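See structure below.
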Amino acid sequence: LTTQPSQLDDLTKLELNPWQWWRDQMPITTRWAYLDHAAVAPLCEPARRAIRRFADQAATLGDTVWPQWNATIDQLRKNMATLLGCDRNEVCLVPNTTTGINLVAEGYPWKPGDSVVIPDGEFPSNLFPWVNQQSKGVEVRIVPRVDGEVRVDDLIARVDDSTRMIAVSWVGYASGFRVDLDDLVHKAHQRGALVFLDAIQGLGMYPLDLAQTPVDFLAGDGHKWLLGPEGAGIAFIRAEHLDTLRCGNVGWNSVKNAYNYASPSMELRADAVRFESGSSNMVGAAALNASVELFLKVRQAHGQDAIEKRVLGLAGQLDESLRSIGASTRLPQSFQNRSGILTFEVPGVEPNQIRQRAADQEVVVSCRAGGVRASIHAYNDASDLDRLVSVVRQCKTKDSGH
Ligand SMILES: Cc1ncc(COP(=O)(O)O)c(C=O)c1O
């Protein structure tokens, strides 16, 4: 007797074909070819269920189930630590990446004359918090990209004795260029600079073991590649730097005796949760936790680099198909610098025209940096890519008057 696919249990499906297993948990796929995960991702089914469950509980049980919610946010910190290869005490929840960046930029004990190095073309969230330190006498050194690429040696060349920090996006939001973190961290530390990583465009997708790659600080939200809702993210502060950062945003939840409201004592918690300061985004954290568990399951069943391989494979396929119909694509040369983001142009066709035509056919992409940005997830498949290629072909045909 052969077993029908529908009869297979969840674990067997995950083991046999993790991408179909994942796709089955993405309600978006029933209608849309969604290739815009670098903007705001669709929710996965486990996250949707977690939000519904939370809403039901909050409406019918109020805070009588608060300990359960609190256990879930603790689980999220723990799951994030597993995902990143760090200690749970080094993880705190933040409302978004920007808050995590400010936590470090504002908390660092700058002295006049200190400097920070960042690449040109960063998303504004990884620019303004550093520029804001200029009023404390900090010099912000902006290093040009070369063909959209962040060259580690160019960053390092701007590091001198005054440099305290290099702040960089793991994956460029428009270029899709993924920085070689091992090389960056090694060279930065050799020169005495710390590394801050804006990880939002990479979290979950590419292997990162913070025990092996000693990034100093990191922040990212869950609403892009992690398939969670907006407003629920995490920050990582390496244990040795916890006391380096001034905890500027303190509140009841920052201290050891957090529930002793009547005789408060401002003794900060030993872990990174001191930076959370007040009530948590319980519903957002519950949803993010549910989606992070999905990533952990795939990694556990198929290896730490399975998601990376899948997504780079799909990006490679799209790159080839688009080039075969005359589009010019901007895929980084080296495999290790690639990501799920592929930006392209079609000579003679406005990027926005392609985006609009795609939207009309329920294919979602964005326009960035003068091109069309497709951002592909591991649950996307060849049919999603084909739908985008078909849109581009139509735009070309229409434009050339055929
Ligand atoms: C690299 C990068 N950093 C930060 C952000 C903004 O993140 P958040 O809204 O979580 O602060 C984005 C959003 O597109 C981004 O691409």
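The values are calculated or read from the model by the stated rules, or taken from the named source; none is laboratory data. A quick note: this is a predicted structure, and the numbers were derived from the prediction, not measured. With ideal geometry, Cβ positions are generated from the backbone for all residues, glycine too; neighbour counts draw on all protein chains shown. We work out accessible area using only protein heavy atoms, side chains counted, and drop any ligands, DNA or RNA first. Shrake-Rupley method; radii C 1.70, N 1.55, O 1.52, S 1.80 Å.
Among (1) outside any helix (DSSP H, G or I); (2) more than 17 Å from ALA41 (Cα to Cα); (3) free of Cβ contacts under 8 Å to residues at least 40 places away in the same chain, there is one condition GLY313 misses while meeting the rest; what is its number?
(1)
Pull out all pairs, ordered by first then second residue, where Cβ-Cβ is under 7 Å, the residues are six or more apart or on different chains, the first lies in the stretch 123-147 and is under 15 Å from VAL195 (Cα atoms), and the second is of a type in the set (Val, Ile, Thr) and surrounded by fewer than 13 Cβ atoms within 10 Å (Cβ to Cβ).
none
When GLU106 is evaluated against the numbered criteria (1) under 20 Å from the mean Cα position of the chain (by Cα); (2) within 16 Å of the ligand (Cβ to nearest atom), which criterion, by number, is the only one it fails?
Unmet for GLU106, out of (1) under 20 Å from the mean Cα position of the chain (by Cα); (2) within 16 Å of the ligand (Cβ to nearest atom): (1).
Could you tell me which residue of the stretch 178-197 is nearest to LEU242 (Cα to Cα), considering only residues that are within 16 Å of the ligand (Cβ to nearest atom) and open to solvent by 10 Å² or more (accessible area, probe 1.4 Å)?
Of the stretch 178-197, the ones within 16 Å of the ligand (Cβ to nearest atom) are 178-179, 181, 184, 195-197.
Next, from what is left, pick out any that are open to solvent by 10 Å² or more (accessible area, probe 1.4 Å): 178, 181.
Numbers: ARG178: 27, LEU181: 22 Å.
Of everything passing the filter in the stretch 178-197, LEU181 is nearest to LEU242 (Cα to Cα).
Conditions: (1) touching a His at 6+ places or on another chain (Cβ under 7 Å); (2) open to solvent by 60 Å² or more (accessible area, probe 1.4 Å). GLY340 meets all but one. Number of the miss?
(2)
For residues that are over 25 Å from GLN201 (Cα atoms) and of a type in the set (Asp, Glu), scanning just the stretch 224-274, find the one that is nearest to the ligand (Cβ to nearest atom).
ASP271
Write out, first by first residue and then by second, each pair whose Cβ atoms fall under 6 Å of each other, whose residues are 6+ apart or on separate chains, and whose first residue, in the stretch 150-166, is open to solvent by 10 Å² or more (accessible area, probe 1.4 Å) while the second is hydrophobic (A, V, I, L, M, F, W, C) and part of a helix (DSSP H, G or I).
Correct list of pairs: VAL152/LEU184.
If we only count helices (runs of 4 or more DSSP H) wholly inside the stretch 1-106, which ones have 2 or more residues that are open to solvent by less than 60 Å² (accessible area, probe 1.4 Å) and more than 28 Å from THR343 (Cβ to Cβ)? Please lay out each step first, then the result.
Values: elements: 10-16, 18-23, 45-61, 66-84.
Result: 10-16, 45-61, 66-84.
Please verify whether the stretch 118-141 includes one or more residues that are within 16 Å of the ligand (Cβ to nearest atom), open to solvent by less than 30 Å² (accessible area, probe 1.4 Å) and touching a Phe, Trp or Tyr at 6+ places or on another chain (Cβ under 7 Å).
Checking the stretch 118-141: at least one residue is within 16 Å of the ligand (Cβ to nearest atom), open to solvent by less than 30 Å² (accessible area, probe 1.4 Å) and touching a Phe, Trp or Tyr at 6+ places or on another chain (Cβ under 7 Å).
When you go through (1) of a type outside the set (D, E, K, R); (2) open to solvent by 10 Å² or more (accessible area, probe 1.4 Å); (3) under 17 Å from VAL273 (Cβ atoms) one by one for ILE234, which number turns out not to apply?
All conditions are met except number (2).
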